[in-house]
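Colleague: If you scroll down you'll find the structure; I have some questions about it.
The values are calculated or read from the model by the stated rules, or taken from the named source; none is laboratory data. Quick caveat, the model's predicted, so the values are computed rather than measured. All Cβ positions, glycine included, derive from the backbone under ideal geometry; neighbour counts span all protein chains shown. Heavy atoms of the whole protein, side chains included, go into the accessibility calculation; ligands, DNA and RNA do not. Shrake-Rupley method; radii C 1.70, N 1.55, O 1.52, S 1.80 Å.
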Amino acid sequence: MEKIIPDASNKGIVEILGTRIPAKGQKIATVGMFRGCLMDVLFTETNIKTVKLLAEAGFEVVIPDTQNCCGALHAHSGESDQAKALAKNNIRAFQDAGVDYIVSNAGGCGAILVEYDHLLHDEPEWKESAGWFAKRVKDISTILVEQGRPLSFAGSKNEGVSTPVTYQDSCHLRNVMKGSNPSRQLLKEVGNVAFIEMKDAGSCCGSAGIYNVTQPEMANQILEHKMENVNATGAQYLITSNPGCLLQMKLGIEKHGQKGRMEAVHIADFLYDRVVK
């Protein structure tokens, strides 16, 4: 796993872009960007491109500096008091920012964010605020498709040459946020891209939060099965929407000697690099 871990950044998205980024053209809405922990340290560039993609689609982006960890790993491991404390602070941060929507580019984070009302269900004083928060959480692909200004995507410079791409679902995004279709829809809008549906794309890749760290042997068995389906697509780009999945897919590509022939990429990076600005 160490072979594929990207270098950590000593600057997060707020240090680089600030806390408010204006929309390009007429503003559609104001969205709050949930920057995440792993995303803001290991995938800072993806966070930056997510914000710029939102701006291109007509959204003013606010990044509350007082936000913290989503609390997913705490909730999964039974540390409910800590998860609730983190949730309450995030709710305050985004309510104070006065945003219309809250955008996540990490399926694992989004799955707990959208369930803050359930997490705090036994605290009546938080019912209204938690409900306000949960119903505003959107995955990056979902908000681009449902609320954003239509984007134009440029294809390959080699006209007539189609680049094969496939998509690996984040289990949390697919099963909790119900966000599988928007990602596929956006990928199919990119010129000169041949979208290839992977067999069992919705099956787990073995990452599962920190499962690949706590249970590496079992996680690797799951990954091996997943890579059989990945390799069968012949894709040049393997797209996903979650940092855990992305790292696991990078590991699979490395283990199968596909490096140089296939690249695992976050959907925000893939789309932003091809959007007509």
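Colleague: Would you indicate which of (i) 123; (ii) 166; (iii) 112 is the value of volume of the Cα convex hull per residue in Å³ derived from the coordinates of this structure?
Modeller: So the structure-derived entry is (i).
Colleague: To continue, here is another question. How much accessible area per residue does the chain have, in Å², with a 1.4 Å probe?
Modeller: That works out to 45 Å² per residue.
Colleague: In the chain, which cysteines lack any other cysteine Cβ under 4.7 Å from their own?
Modeller: Singleton cysteines: 37, 69, 171, 204, 205, 245.
Colleague: Using a probe of 1.4 angstrom, how much of the accessible area of the chain is carbon and sulfur, in percent?
Modeller: Carbon with sulfur: 48 percent of the solvent-accessible area.
Colleague: Let me ask something additional. Is there a quick way to get the dipole size of the chain? I mean about its Cα centre, with the Cβ of Lys and Arg at +1 and of Asp and Glu at -1; what is the value in debye to the nearest 20?
Modeller: So the dipole magnitude of the chain works out to roughly 780 debye.
Colleague: Return the aspartates and glutamates within reach of residue 138: Cα separation strictly under 13 angstrom, same-chain partners fewer than 8 residues apart disregarded; answer none if there are no such residues.
Modeller: Reachable aspartates and glutamates: 100, 115, 146.
Colleague: Using a Cα distance threshold of under 21 Å, what count of lysine pairs results for the range 1-117 when pairs must be 8 or more residues apart or interchain?
Modeller: Within the range 1-117, the lysine pair count is 6.
Colleague: Just check the range 2-110 against the gyration tensor rule for me: Cα atoms, a ≥ b ≥ c as the square roots of the eigenvalues, rounded for a/c under 1.5, and otherwise prolate or oblate depending on whether a/b exceeds b/c.
Modeller: oblate
Colleague: I would also like to ask the following. Suppose the chain between residue 217 and residue 79 were pulled fully straight at 0.36 nm per residue; how much longer would it get relative to their current alpha carbon spacing?
Modeller: The span from residue 217 to residue 79 would gain 47.2 nm if fully extended.
Colleague: How big is the gap, in Å, between the Cα center of the range 167-200 and the Cα center of the range 205-277?
Modeller: 13 Å
Colleague: Counting DSSP beta bridges in the range 1-132, what percent are antiparallel, to the nearest 5?
Modeller: Of all bridge pairs located within the range 1-132, approximately 20 percent are antiparallel.
Colleague: A follow-up question, please. Roughly how many nanometres apart are two label points built 7 Å out from the Cα toward the Cβ at residue 228 and residue 95?
Modeller: 5.0 nm
Colleague: Non-local amide H neighbours of residue 163 (under 5 Å, H modeled in plane, Pro and chain starts lacking H): which ones?
Modeller: 193, 194
Colleague: Suppose each label sits 7 Å from its Cα in the direction of the beta carbon; what would the residue 163-residue 194 distance come out to in nanometres?
Modeller: 1.5 nm
Colleague: Between residue 135 and residue 275, what is the label-to-label distance in nm when each label sits 7 Å out along the Cα-to-Cβ direction?
Modeller: If labels sit at residue 135 and residue 275, their model points lie 2.8 nm apart.
Colleague: Also, I was wondering about something else. Under the classification rounded if a/c is under 1.5, otherwise prolate if a/b is larger than b/c and oblate if not, where does the range 133-277 fall, given a ≥ b ≥ c as square roots of the Cα gyration tensor eigenvalues?
Modeller: Cα axes put the range 133-277 in the oblate bin.
Colleague: Now for a different question. Scan around residue 153 for amide H atoms under 5 Å from its own, H built in the peptide plane at 1.01 Å from N, and keep only partners 5 or more places away or cross-chain.
Modeller: Those qualifying (amide H under 5 Å, at least 5 residues apart or on another chain) are 191, 276.
Colleague: When only DSSP loop residues count, what trypsin sites (Lys or Arg not before Pro) in the range 142-210 have their Cβ near at most 13 other Cβ atoms within 10 Å?
Modeller: Of the trypsin sites (Lys or Arg not before Pro), the ones in loops of the range 142-210 whose Cβ has at most 13 other Cβ atoms within 10 Å are 157, 178, 199.
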